[in-house]
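The values are calculated or read from the model by the stated rules, or taken from the named source; none is laboratory data. On a predicted model such as this, the values are computed, not experimentally measured, just so you know. Counting neighbours? That spans all protein chains shown, and the Cβs are built from the backbone with ideal geometry, glycine included.
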Amino acid sequence: MPASTLKSTARPRKSRTRSRNISPRPALALSSLKPHQYDLHPYCASLICPDCKTWVPITGLNAKKQKLVPHDTGVAGKDPAVRCQGSNRLISVDVLVKEWQGQMETGGPEANGRRSARQHYKPLPAPAKPVTKMAPEPETADDALTAYREHLKKCRNSNAAGHCGGTHRCADGTRLAKLYEQLKRAEPIRQREARVDALLARHRSTRAWAAHSEATANAKTTAKRSGTTVEEANNSCRIRKADTVSDYRGPQVPLKPIRIGA
């Protein structure tokens, strides 16, 4: 008859067993375990097996001898059937049920109180300086050098911790020194860019003025472009007639008084 190809898997653990087999290993005392490592309730008496580190039922809790039920090390129906060495091991119940319940009840609030319920707020940032007290950032190397020298005079005379002295510089002194070095290194580039911008602006203004002069050179063209007779008359050069204010804007206006009447 051919052998079965199915491999045996771990069997489910029973809450009690009628096996009379007893492990030759010494009895396991419950007092050697921690209160959370065993359960003495009559309906679910069990403990964590020291060998396979899994929960195993205790059979015969009300009998003369208590022992662990036979069990496998793996998960039932999945892992291979490997019998644990702690199977059928005698258990020495040397802990009272009331004492164990008291330890569990006391340990619950202690575990809950280990984490503080107090809210820890982050420190508030320091308020920013008002605009009137803010010093403008130097834009040129000369301004940065002047600000650095003024800072050294004030900082050396102060008694603040970490003030400038000798070769030591405080945070503000170091910042101003670095700013001076950066501005001094970039000063030639900034001056060259300023000259280029000035030349471009002058070139643009020259081209714009030349285009304007060319467009307004012919008076009639300018007047026609405006589209009004008054502008055409104002742009043309004519000799004003005698005894009149202007002959461009309406009829002739006499200068001498005129009497109207019978």
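Quick notes
- Options Ala111, Ala126; residue that is of a type in the set (Gly, Ala, Ser) and at pLDDT below 70: Ala111
- Residue count for region 65-93, restricted to those that are among the charged types (D, E, K, R), modelled with pLDDT under 90 and assigned to a loop (DSSP other than H, G, I, E, B): 3
- Thr146 being more than 30 Å from Pro257 (Cβ to Cβ), part of a helix (DSSP H, G or I), modelled with pLDDT under 80 and not aromatic (Phe, Trp, Tyr): no
Residue by residue, here is whether (1) surrounded by 16 or more Cβ atoms within 10 Å (Cβ to Cβ); (2) in contact with a strand residue (DSSP E or B) (Cβ under 9 Å, 6 or more places away or on another chain); (3) aliphatic (A, V, I, L, M); (4) more than 16 Å from Ala10 (Cα to Cα) holds:
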| residue | (1), (2), (3), (4) |
| --- | --- |
| Tyr38 | yes, yes, no, yes |
| Thr54 | yes, yes, no, no |
| Gly74 | yes, yes, no, no |
| Arg83 | no, yes, no, no |
| Ser92 | no, yes, no, yes |
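Residue-wise test of (1) among the small types (Gly, Ala, Ser); (2) modelled with pLDDT of 65 or more; (3) closer than 30 Å to Thr140 by Cα.
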{"position": "Glu187", "(1), (2), (3)": "no, yes, yes"}
{"position": "Glu193", "(1), (2), (3)": "no, yes, yes"}
{"position": "Ala201", "(1), (2), (3)": "yes, yes, yes"}
{"position": "Ser213", "(1), (2), (3)": "yes, yes, no"}
{"position": "Glu231", "(1), (2), (3)": "no, no, no"}
{"position": "Ile239", "(1), (2), (3)": "no, no, no"}
{"position": "Thr244", "(1), (2), (3)": "no, no, no"}
{"position": "Tyr248", "(1), (2), (3)": "no, no, no"}
{"position": "Gln252", "(1), (2), (3)": "no, no, no"}
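- Checking Ile58 against (1) surrounded by 16 or more Cβ atoms within 10 Å (Cβ to Cβ); (2) assigned to a loop (DSSP other than H, G, I, E, B); (3) among the aliphatic types (A, V, I, L, M), the condition it does not meet: (2)
Here is a yes/no grid of residues against (1) within 23 Å of Leu96 (Cβ to Cβ); (2) in contact with an Asp or Glu (Cβ under 6 Å, 6 or more places away or on another chain); (3) of a type in the set (Val, Ile, Thr):
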{"position": "Pro12", "(1), (2), (3)": "no, no, no"}
{"position": "Gln37", "(1), (2), (3)": "yes, no, no"}
{"position": "His41", "(1), (2), (3)": "yes, no, no"}
{"position": "Ile48", "(1), (2), (3)": "yes, no, yes"}
{"position": "Lys53", "(1), (2), (3)": "no, no, no"}
{"position": "Pro57", "(1), (2), (3)": "yes, no, no"}
{"position": "Pro80", "(1), (2), (3)": "no, no, no"}
